[in-house]
1. Mind counting the residues in the stretch 110-130 that are more than 23 Å from PHE92 (Cα to Cα) and touching a residue at least 12 places away in the same chain (Cβ under 8 Å)?
Amino acid sequence: MASKVPLCIPETPNNRPGSPVLANLRCGSVLKEVNPQKDGPNVMKKALIACAAGALLVAPGATAKPTKTDRTNAAKECRAERGTTDATVEAFRVKHGTNKSGKNAFGKCVSSKAKENKAEEDAEDAEERKSAAKDCDAERATGEVAFANKYGTNANKRNAFGKCVSQKASV
């Protein structure tokens, strides 16, 4: 009485097993034949728990929602775009509204603009981190021991590069 159980498999860059970077997690993509008498009766529960735990490891930035500030700024932009005359309000409803009457236009506008603002901020942050990493790499090349002593905070000073990037990106 064998059955197939979905397993969670980490998807790594270039699909190389053992790559140090966890890029994504796919659940249910690989099936393993399981025999409950041989493998134990709780094997399905264990597989589902492993999938759920693995799903929690997905980077929070990947699913980040727009912040309150993003929504506030987006609402201001949409108010300005909507205007005050009947003609501009009607044009705004036609452009952004998705239901019959177009009365959901303001919410749709705010949602799309907030997502755009969040994406722009994320792109800027990524560029800052890249720049900071290049700066830290250049600084580390001049003297690794001095670099580790300057930025490292744990016992073996191996966290120096990450601390350096964090420090330079937040400035």
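1. Adding up the residues that qualify gives 5.
Here's the yes/no breakdown for (1) at pLDDT 90 or above; (2) part of a helix (DSSP H, G or I); (3) out of contact with any strand residue (DSSP E or B) (no Cβ under 7 Å at 6 or more places or on another chain):
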| residue | (1), (2), (3) |
| --- | --- |
| ASP122 | no, yes, yes |
| ASP125 | no, yes, yes |
| ALA138 | yes, yes, yes |
| ASN154 | yes, no, yes |
| PHE161 | yes, yes, yes |
| GLN167 | no, yes, yes |
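The values are calculated or read from the model by the stated rules, or taken from the named source; none is laboratory data. Keep in mind the model is a prediction, meaning the values are calculated, not measured. Backbone-built Cβ (ideal geometry, glycine too); neighbour counts: all protein chains shown.
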